[in-house]
Amino acid sequence: MLHISPEEIAETLVMVQQQHLDIRTVTLGVSIGECAADTAAEMSRRLYDRVTSAAERLVPVCETIEREYGIPIRNKRISVSPVAEVAGRRACEDLTPVAGAMDRAAATVGVDFIGGFSALVHKGVGRADDALIRSIPQALASTQRVCASVNVASTRAGINMDAIARMAHTVKETAALTADADSIGCAKLVVFANMVEDNPFMAGAVHGSGEADVVVNVGISGPGVVRAVVAAMPEDADLTAVAEAIKATSFKITRAGELVAREAARRLGVSMGIVDLSLAPTPAEGDSVADILEAIGVERCGAPGTTTALALLNDAVKKGGAMGTSSVGGLSGAFIPVSEDAGMVRAVEAGALTLEKLEAMTAVCSVGLDMIAVPGDTPAETLAGIISDACAIGVINNKTTAARLIPAMGKKAGDRVSWGGLLGAAPVMDVSKWSSAKLIARGGRMPAPLGSLRN
Amino acid sequence: MKTRAVLSVLGQDRVGIVAAVSTALAENGVNIEDIRQTILSGIFSMTMLVTVDEDAHAFEEVQSALAEVAERIGMQITLQREDVFRFMHRV
C-alpha cells in the first residue's frame, strides 16, 4: 500500500527538479588534537594522515545517498579543530605548511573546501593564534580549498578591538596576495563574533573542542522551494499565512536534511552532529533569499520593509525546522551573501541594497556581511569599523555574526568581480567615506555587555 | 536486504510504457507492491511502490536499468528510497 500520496511524491520531485531543493553541504568534522607536534612540518604530516583516513569514505558515501534518495548533496566538506588551538600545544611557528597539508588532504578525498585554519582570539591573542593570523594571507594565497576564520568577539568576552584591527590588515594583505584572481583569498576568510563549534558552512566551519572525534554535520538549503511556495500564495494572503506556509516548507526541507545526516552518520560509522537550518542561496537563478523577500512583498531587496520580511522568514524557517529535527545547530538562519545570490546582486546593481542596509539585516538573520566586495583602496580602519559593527550586533544580541569582506584590488565602486562557481560574482559596493580611524586606533577590548551576566 | 522504494514515471503518453518499466523491474527482481497511474492532458504519470531485493540486485543496478528504459522510451523515471517521502511528509 502506498502510504504517501502521488501528490506528495510529485511535490518532492518538483522541489528537487525545478526548485533546487538540495542538501547544501555534508560536512565531516574531524578532531585533529592528536596531530600536535614540535614542528609545523611534523604537524602537517600527521594532519594529512588524520584527515585522509577519517574522511576517506565521505564522498563515495554521500554520492550513494544522493542517488538512492534522489536528493542532491551539493557539497561534501571537512572541518577540523581550530589549527591554532592544536599548534598552541607544541609548535608555534609559521603555520602556512599546515594549510598546505589541509589543501592536499582535501584534494585527496575529493572535497572542495576544508575549514579550520582558525583561531579564537575574542579575549586575547596567544602565541599560536598570532602565528596563525600571520600565516593567513600566504596560506590562503597558496591553497585552493582551505578556509580560515578568526573569532574576535563574544557576548561573554566582549569585542577584541585590537584583534579586529589586525584582521582588517590581514584581509587587505590577503586581498593583495590574491589580486590577480579578484582577491579570492578573502572569500575564504571570515571574521566572527560568537563563532559556533558545529557550523557545517564555509568559510567558517570549524570542529569545536566540545565535539566527538568525528561527526557529520548537515547544512540544508532550499531558498528556491520557499520562494515558490510564497510566490504561489494569493497577493492578499496576510503575513501570518505567509509565515505559516514558510514554516511548513521548512519542516519538509529540514526532514530531508535530518534523513541525510542520519544516513551519512550511520554509513560512515560516526556520530551524527547537527542539522543547520540555514537557507543558503546559490548563484543559480531562482535559488535566492532576495527573491523570497521580494515574493513576500518588497519591490527590490533593500527597500524599506526588507528587514521585516527577513525577520519573518528567518523566524519561520527556524520554527518549521525545529519540528523537523531535534539536532538543530550550526548557524541556523537565512544567509544573505551578496555574490552568491543572484537576487542580492540585482538589488545592489539597481541601487536598492546598500552596505548599511545589509548591516541592519544582519541583526535579524544568520551571520551577515557576507561575500561583499568593496573598493580595493578601502582603508584598513574602515574595514575594521565595518567588522566591529557586525560584531557589536552579534555581541549585544547574543547571536553569531560575521564579516566576509573582499577588498577588490584595483577596483572601485560599481566595477565587477567574479570568482565563478558557488562564490559567484558581484558588483563592488560603495563604502562610507567617513573615517573610523580614531575609534580603531584606541584599540583595547570593548567590555562584555550587561546581558552577558546571566548566572 | 529488501528496500522499499518509490518509482515515478512521467512523460508523454504512448504505447508500452507500463510494459517496458515492469519488464525492467522483473528482470532485476523488483517486486511491485502498488501502482497508481493517471493521464492528465496527455501526460502520463505513474507512481509505484516497489521492493528492491538488494541481495540479488544492487539499488544502483536497478537505477541504471531504469535509466536505460527512460532513455529508450523517452520518459522521466525516478527511483528513490521510500523513507525520503515518509520523512518529508509525515510528522
Open item on the list: Condition first: crowded, with 24+ Cβ neighbours inside 10 Å, among the small types (Gly, Ala, Ser) and part of a helix (DSSP H, G or I). Now tell me which residues in segment A:281-301 satisfy that.
Closed with: A:ALA290
Open item on the list: Considering only residues that are facing chain A (nearest Cβ under 7 Å), touching a residue at least 40 places away in the same chain (Cβ under 8 Å) and not polar (S, T, N, Q), which ones fall in segment B:32-82?
Closed with: B:LEU49, B:PHE59, B:ARG81
Task: Extreme residue, farthest from A:GLU8 (Cα to Cα), among residues of segment B:1-21 that are away from chain A (no Cβ under 14 Å) and surrounded by 15 or more Cβ atoms within 10 Å (Cβ to Cβ) - done: B:ALA20
Task: Total residues in segment A:336-369, condition touching a strand residue (DSSP E or B) at 6+ places or on another chain (Cβ under 9 Å) and either surrounded by fewer than 24 Cβ atoms within 10 Å (Cβ to Cβ) or not in a loop (DSSP other than H, G, I, E, B) (or both) - done: 11
- [ ] Considering only residues that are at pLDDT below 95 and either assigned to a strand (DSSP E or B) or among the polar types (S, T, N, Q) (or both), look in segment A:426-455 and name the one that is surrounded by the fewest Cβ atoms within 10 Å (Cβ to Cβ).
- [x] A:ASN455
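Would you point out which residue out of A:GLY224, A:GLY208 is outside any strand (DSSP E or B) and not assigned by TED's automatic domain parsing to the domain that holds A:ALA392?
Values: A:GLY224 fails: not assigned by TED's automatic domain parsing to the domain that holds A:ALA392.
After applying the criteria, what remains is A:GLY208.
Inspect segment A:306-322 for any residue being under 25 Å from A:ALA248 (Cα atoms) and outside any helix (DSSP H, G or I) and give the result as yes or no. It would help to see each step written out before you state the result.
Step one: list which residues in segment A:306-322 are under 25 Å from A:ALA248 (Cα atoms), which gives A:306-322.
Adding the requirement that they be outside any helix (DSSP H, G or I) leaves none.
No - not one qualifying residue is present in segment A:306-322.
What number of residues in segment A:13-56 are in a helix (DSSP H, G or I) and more than 14 Å from chain B (Cβ to nearest Cβ)?
Restricting attention to segment A:13-56, the residues satisfying the condition of being in a helix (DSSP H, G or I) are A:13-17, A:33-35, A:40-54.
Narrowing further to those that are more than 14 Å from chain B (Cβ to nearest Cβ): A:33-35, A:40-54.
The total comes to 18.
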TODO: Pick out the one residue from B:ILE43, B:ILE32 that is among the β-branched types (Val, Ile, Thr), in contact with a Leu (Cβ under 9 Å, 6 or more places away or on another chain) and modelled with pLDDT under 95.
DONE: B:ILE43
TODO: Inspect segment A:1-12 for any residue being within 24 Å of the chain's Cα centre (by Cα) and either closer than 22 Å to A:VAL59 by Cβ or within 14 Å of chain B (Cβ to nearest Cβ) (or both) and give the result as yes or no.
DONE: no
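Check A:PRO97, A:PRO60 and return the single one that is under 27 Å from A:THR254 (Cβ atoms) and not in a loop (DSSP other than H, G, I, E, B). It would help to see each step written out before you state the result.
On the way: A:PRO97 fails: under 27 Å from A:THR254 (Cβ atoms).
Within the list A:PRO97, A:PRO60, the selection yields A:PRO60.
Yes or no, residue by residue, for (1) surrounded by 14 or more Cβ atoms within 10 Å (Cβ to Cβ); (2) touching a Gly at 6+ places or on another chain (Cβ under 8 Å); (3) under 21 Å from A:SER278 (Cβ atoms):
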position: A:PRO6; (1), (2), (3): yes, no, no
position: A:ILE9; (1), (2), (3): yes, no, no
position: A:VAL14; (1), (2), (3): no, no, no
position: A:LEU21; (1), (2), (3): yes, yes, yes
position: A:ARG24; (1), (2), (3): yes, yes, yes
position: A:SER31; (1), (2), (3): yes, no, no
position: A:THR39; (1), (2), (3): no, no, no
position: A:GLU42; (1), (2), (3): yes, no, no
position: A:ARG46; (1), (2), (3): yes, no, no
Open item on the list: Would you confirm, using the coordinates I've provided, whether A:VAL242 is in a helix (DSSP H, G or I) and either within 14 Å of chain B (Cβ to nearest Cβ) or farther than 28 Å from A:LEU422 by Cα (or both)?
Closed with: yes
- [ ] Kindly indicate whether A:GLY100 is more than 14 Å from chain B (Cβ to nearest Cβ), within 23 Å of the chain's Cα centre (by Cα) and over 30 Å from A:GLY126 (Cβ atoms).
- [x] no
- [ ] Sort out which residues of segment A:249-287 are small (Gly, Ala, Ser), more than 12 Å from chain B (Cβ to nearest Cβ), in contact with a helix residue (DSSP H, G or I) (Cβ under 9 Å, 6 or more places away or on another chain) and within 25 Å of A:MET323 (Cβ to Cβ), and write them in order of number.
- [x] A:ALA264, A:SER271, A:GLY273, A:SER278, A:ALA280
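Hey, among the residues in segment A:204-217 that are more than 15 Å from A:SER154 (Cβ to Cβ) and crowded, with 24+ Cβ neighbours inside 10 Å, which one's farthest from the chain's Cα centre (by Cα)?
Just the residues of segment A:204-217 that are more than 15 Å from A:SER154 (Cβ to Cβ), to begin with: A:205, A:207, A:211-217.
Going one step further and asking which of them are crowded, with 24+ Cβ neighbours inside 10 Å, we end up with A:205, A:207, A:215-217.
Working: A:ALA205: 7, A:HIS207: 14, A:VAL215: 18, A:VAL216: 17, A:ASN217: 13 Å.
Checking each candidate, the answer is A:VAL215.
The values are calculated or read from the model by the stated rules, or taken from the named source; none is laboratory data. Predicted model, so just to flag it, every value in this text is computed and none were measured. Every residue, glycine among them, receives a Cβ derived from its backbone with ideal geometry; neighbour counts consider all protein chains shown.
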